[in-house]
Amino acid sequence: MLDSLQDGLRSAFKTLRGQGRLTESNMREGLKMVENALLEADVSYSVVKDFMDGVAEKAVGQDVLKSLRPEQQLVGIVQEELIKILGGDIDTSLHLKPDVTVLMMCGLQGAGKTTTCGKLARLIGTEGKKALLVAADLQRPAAVEQLHIVGNSVGAPVYSEEGATDPIAVCRNAVKHARDNEIDVVILDTAGRLAIDEELMEQLKTIDRQLDPDQAFLVVDGMTGQDAVNSAKAFNDALELNGVIMTKLDGDARGGALLSVKQVTGVPIKFIGVSEHMDGLEPFHPDRMASRILG
Ligand code: GDP
């Protein structure tokens, strides 16, 4: 996960360790390497700038240089700033209500939305609650079928209506079905598109307004770098997202999306997808991720 970013940061710290005595000038050189590692990972320029300002403010002061292990202290400062840009302390609870909790899932086609719906249903199942998957992507007939396959694989029921054309009615009927059948959580698998368009946004806004979901999550592909950040911005402008779920971090994602999305959009990452299998979803903890990145 994020191998090249890890390598870049490690070599920056290695250079610093090899300097013997740490001075202000070789500290700046080390920080430049940290900056380059972030830029190479495709982190948004504004995020890199904020990050470096935060690190420099703490690191270039005399206290670090005077300390017994300056480079170790620098690693600590970088770690602190990483945690900060990754979102700090994130509440990943789904805040399930005593009656039915409605989760709305959206995202561009191929981001991993349907897979993530299944993973969430599985996770909810492990907590002793029952989730219903709702086929509200009526754009592609294959999407409904795919959701049934996913539901089967995690033992979650799927609500779909044969020949339906109105996704809002399907969502509304599904919530009623959940109330009547003692289901705890309804997961709406909304329509994906290849690109953000007006029609998609209008449909999502209508579902959001009429169903008033408890949480709206955007699924983005962590391998798509700044495109993921831009789609998070666009979806959040339309919907006020509760969180981002970033998928495919097990692949060769460079880390740019992961490190930029909270800072650029204000929306925290709440879960990450770490495999294509149904158990490959983890609540997102910035402190653990920062430790993972810094090895
Ligand atoms: P949707 O169009 O957004 O509903 O996307 P799908 O759920 O169909 O996923 C698209 C592809 O991404 C599928 O091949 C999934 O197996 C794969 N995928 C989804 N999440 C992950 C993940 O976290 N890791 C990996 N490696 N693959 C994933």
Looking at region 282-289, is at least one residue within 24 Å of THR190 (Cβ to Cβ) and either small (Gly, Ala, Ser) or touching a His at 6+ places or on another chain (Cβ under 7 Å) (or both)? no
Filtering region 218-257 down to residues that are away from the ligand (no atom under 12 Å from the Cβ), touching a strand residue (DSSP E or B) at 6+ places or on another chain (Cβ under 6 Å) and open to solvent by less than 30 Å² (accessible area, probe 1.4 Å), which residue is farthest from MET1 (Cα to Cα)? LEU239
Options THR126, THR165; residue that is in contact with a Leu (Cβ under 7 Å, 6 or more places away or on another chain), more than 16 Å from the ligand (Cβ to nearest atom) and open to solvent by 70 Å² or more (accessible area, probe 1.4 Å): THR165
Top-ranked residue in region 203-217 [being part of a helix (DSSP H, G or I) and not polar (S, T, N, Q); ranked as farthest from the ligand (Cβ to nearest atom)]: ARG209
Considering only region 258-283, how many residues are farther than 19 Å from ASP214 by Cα and more than 9 Å from the ligand (Cβ to nearest atom)? 11
SER67 meets each of (1) hydroxyl-bearing (Ser, Thr, Tyr); (2) within 16 Å of the ligand (Cβ to nearest atom); (3) open to solvent by 20 Å² or more (accessible area, probe 1.4 Å) with one exception, condition (2)
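Here is a yes/no grid of residues against (1) at pLDDT 90 or above; (2) not small (Gly, Ala, Ser):
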{"site": "ARG17", "(1), (2)": "no, yes"}
{"site": "LYS32", "(1), (2)": "yes, yes"}
{"site": "GLU35", "(1), (2)": "yes, yes"}
{"site": "ALA59", "(1), (2)": "no, no"}
List the pairs whose first member sits in region 182-202 and is without any contact (Cβ under 8 Å) to a residue 40 or more places away in the chain and assigned to a helix (DSSP H, G or I), whose second member is within 16 Å of the ligand (Cβ to nearest atom) and among the polar types (S, T, N, Q), and whose Cβ atoms are under 9 Å apart, counting only residues at least 6 apart or on separate chains? LEU200/GLN139; LEU200/THR190
Search result, residues across region 19-48 that are under 18 Å from ALA290 (Cα atoms) and assigned to a helix (DSSP H, G or I): LEU31, MET33, VAL34, GLU35, ASN36, ALA37, LEU38, LEU39, GLU40, VAL47, VAL48
When you check GLY295 against the structure, is it of a type in the set (Gly, Ala, Ser) and within 16 Å of the ligand (Cβ to nearest atom), yes or no? no
Over 25 Å from ALA234 (Cα atoms), within 14 Å of the ligand (Cβ to nearest atom), of a type in the set (Lys, Arg) and surrounded by fewer than 24 Cβ atoms within 10 Å (Cβ to Cβ), is that true of ARG140? no
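The values are calculated or read from the model by the stated rules, or taken from the named source; none is laboratory data. Just so it is clear, the structure is predicted and the values come from calculations on it, not from any experiment. Because the Cβ atoms are built from the backbone with ideal geometry, glycine has one as well, and the counts that use them run over all protein chains shown. Note: areas computed on protein heavy atoms with side chains; ligands, DNA, RNA excluded. Shrake-Rupley method; radii C 1.70, N 1.55, O 1.52, S 1.80 Å.
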